[in-house]
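Contents: one structure, followed by commentary.
The values are calculated or read from the model by the stated rules, or taken from the named source; none is laboratory data. Model, not experiment: these values are computed from the prediction. Positions of Cβ are backbone-derived with ideal geometry, glycine not excepted, and every protein chain shown enters the neighbour counts.
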Amino acid sequence: MPYCVKCGSPIKADDKFCPVCGAATAKFTSEEYKVSGKDLVDRIGELLHEGNVTRIIVKDDGGKTLLEIPVTVGVIGVILAPWLAALGVIAALVANCRIVVERRE
(Lines give C-alpha, C1' and ligand atoms only; values in the text may rest on other atoms or scores of the structure.)
Protein backbone atom coordinates (compact mmCIF):
# COMPACT_ATOMS: atom_id res chain seq x y z
CA MET A 1 0.00 0.00 0.00
CA PRO A 2 1.49 3.38 -0.99
CA TYR A 3 1.56 6.38 1.32
CA CYS A 4 0.92 10.08 0.71
CA VAL A 5 4.14 11.98 0.07
CA LYS A 6 2.86 15.07 1.88
CA CYS A 7 1.16 13.70 5.04
CA GLY A 8 2.19 10.03 5.14
CA SER A 9 -1.35 8.65 5.22
CA PRO A 10 -2.02 5.32 3.49
CA ILE A 11 -3.67 5.71 0.10
CA LYS A 12 -5.10 3.25 -2.40
CA ALA A 13 -3.07 2.53 -5.53
CA ASP A 14 -5.75 4.02 -7.81
CA ASP A 15 -6.36 7.23 -5.78
CA LYS A 16 -5.50 10.46 -7.59
CA PHE A 17 -5.64 12.56 -4.40
CA CYS A 18 -4.91 11.85 -0.74
CA PRO A 19 -8.19 11.40 1.18
CA VAL A 20 -6.68 13.09 4.26
CA CYS A 21 -4.80 16.16 3.00
CA GLY A 22 -5.99 16.38 -0.63
CA ALA A 23 -2.50 16.37 -2.15
CA ALA A 24 -2.08 14.90 -5.62
CA THR A 25 -0.64 11.40 -5.45
CA ALA A 26 2.34 10.18 -7.43
CA LYS A 27 2.27 7.02 -9.52
CA PHE A 28 4.01 4.05 -7.87
CA THR A 29 5.54 0.97 -9.41
CA SER A 30 6.45 -2.20 -7.56
CA GLU A 31 9.25 -4.66 -8.30
CA GLU A 32 10.07 -7.93 -6.60
CA TYR A 33 13.45 -9.62 -6.28
CA LYS A 34 14.38 -13.03 -4.87
CA VAL A 35 17.66 -13.11 -2.97
CA SER A 36 19.46 -15.49 -0.68
CA GLY A 37 19.87 -14.57 2.97
CA LYS A 38 23.60 -13.90 2.61
CA ASP A 39 23.03 -11.38 -0.23
CA LEU A 40 20.15 -9.55 1.48
CA VAL A 41 22.08 -6.70 3.14
CA ASP A 42 24.17 -6.00 0.01
CA ARG A 43 21.11 -5.88 -2.25
CA ILE A 44 19.23 -3.55 0.12
CA GLY A 45 22.26 -1.24 0.18
CA GLU A 46 22.33 -1.14 -3.62
CA LEU A 47 18.62 -0.32 -3.77
CA LEU A 48 18.92 2.51 -1.24
CA HIS A 49 21.79 4.09 -3.18
CA GLU A 50 19.63 4.23 -6.33
CA GLY A 51 17.70 7.06 -4.70
CA ASN A 52 14.27 6.67 -6.31
CA VAL A 53 13.05 3.98 -3.91
CA THR A 54 10.15 4.98 -1.65
CA ARG A 55 9.76 1.79 0.39
CA ILE A 56 11.44 -1.60 0.72
CA ILE A 57 9.63 -4.64 2.11
CA VAL A 58 11.47 -7.85 3.03
CA LYS A 59 9.31 -11.00 2.97
CA ASP A 60 10.04 -14.65 3.62
CA ASP A 61 9.30 -17.45 1.12
CA GLY A 62 5.75 -17.78 2.48
CA GLY A 63 4.97 -14.11 1.81
CA LYS A 64 5.06 -13.00 5.46
CA THR A 65 6.43 -9.46 5.89
CA LEU A 66 9.59 -9.49 7.99
CA LEU A 67 10.68 -5.84 7.70
CA GLU A 68 9.50 -2.60 6.06
CA ILE A 69 11.90 0.26 5.44
CA PRO A 70 10.24 3.58 4.55
CA VAL A 71 12.05 6.08 2.31
CA THR A 72 12.56 8.63 5.07
CA VAL A 73 14.75 6.14 6.93
CA GLY A 74 16.64 5.20 3.79
CA VAL A 75 17.64 8.81 3.20
CA ILE A 76 19.04 9.40 6.69
CA GLY A 77 22.16 7.27 7.15
CA VAL A 78 22.39 7.58 10.94
CA ILE A 79 18.93 6.12 11.44
CA LEU A 80 19.67 3.40 8.88
CA ALA A 81 22.10 1.56 11.19
CA PRO A 82 19.41 -0.20 13.30
CA TRP A 83 17.61 -1.26 10.11
CA LEU A 84 20.81 -2.82 8.76
CA ALA A 85 21.31 -4.65 12.06
CA ALA A 86 17.79 -6.05 11.77
CA LEU A 87 18.52 -7.05 8.17
CA GLY A 88 21.62 -8.92 9.37
CA VAL A 89 19.53 -10.92 11.83
CA ILE A 90 16.93 -11.71 9.16
CA ALA A 91 19.67 -12.75 6.75
CA ALA A 92 21.08 -15.16 9.33
CA LEU A 93 17.68 -16.75 10.00
CA VAL A 94 16.23 -16.98 6.48
CA ALA A 95 17.71 -19.01 3.64
CA ASN A 96 15.80 -17.23 0.86
CA CYS A 97 13.63 -14.15 0.88
CA ARG A 98 11.88 -11.70 -1.41
CA ILE A 99 12.44 -7.96 -1.60
CA VAL A 100 9.52 -5.82 -2.77
CA VAL A 101 10.62 -2.36 -3.90
CA GLU A 102 8.19 0.53 -4.40
CA ARG A 103 9.33 3.38 -6.61
CA ARG A 104 7.69 6.70 -7.35
CA GLU A 105 7.50 7.61 -11.03
The lone exception for Phe28 - which of (1) under 15 Å from Val94 (Cβ atoms); (2) hydrophobic (A, V, I, L, M, F, W, C); (3) in contact with a Ser or Thr (Cβ under 8 Å, 6 or more places away or on another chain) it fails: (1)
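Results for (1) without any contact (Cβ under 8 Å) to a residue 40 or more places away in the chain; (2) surrounded by 12 or more Cβ atoms within 10 Å (Cβ to Cβ), shown as yes or no for each residue.
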{"position": "Cys4", "(1), (2)": "yes, yes"}
{"position": "Lys16", "(1), (2)": "yes, no"}
{"position": "Gly22", "(1), (2)": "yes, no"}
{"position": "Lys27", "(1), (2)": "no, no"}
{"position": "Tyr33", "(1), (2)": "no, yes"}
{"position": "Gly37", "(1), (2)": "no, yes"}
{"position": "Arg43", "(1), (2)": "no, yes"}
{"position": "Glu50", "(1), (2)": "yes, no"}
{"position": "Thr54", "(1), (2)": "no, yes"}
Tally, over the range 1-40, of residues that are over 19 Å from Thr65 (Cα atoms), at pLDDT 80 or above and not in a loop (DSSP other than H, G, I, E, B): 2
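To keep it simple, each residue is scored yes or no on (1) at pLDDT 80 or above; (2) among the small types (Gly, Ala, Ser).
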{"position": "Asp42", "(1), (2)": "yes, no"}
{"position": "Gly45", "(1), (2)": "no, yes"}
{"position": "Asn52", "(1), (2)": "no, no"}
{"position": "Asp60", "(1), (2)": "yes, no"}
{"position": "Ala85", "(1), (2)": "no, yes"}
{"position": "Leu93", "(1), (2)": "no, no"}
{"position": "Cys97", "(1), (2)": "yes, no"}
Any hit, the range 68-77, residues being part of a strand (DSSP E or B) and either in contact with a Cys (Cβ under 6 Å, 6 or more places away or on another chain) or modelled with pLDDT of 80 or more (or both): yes
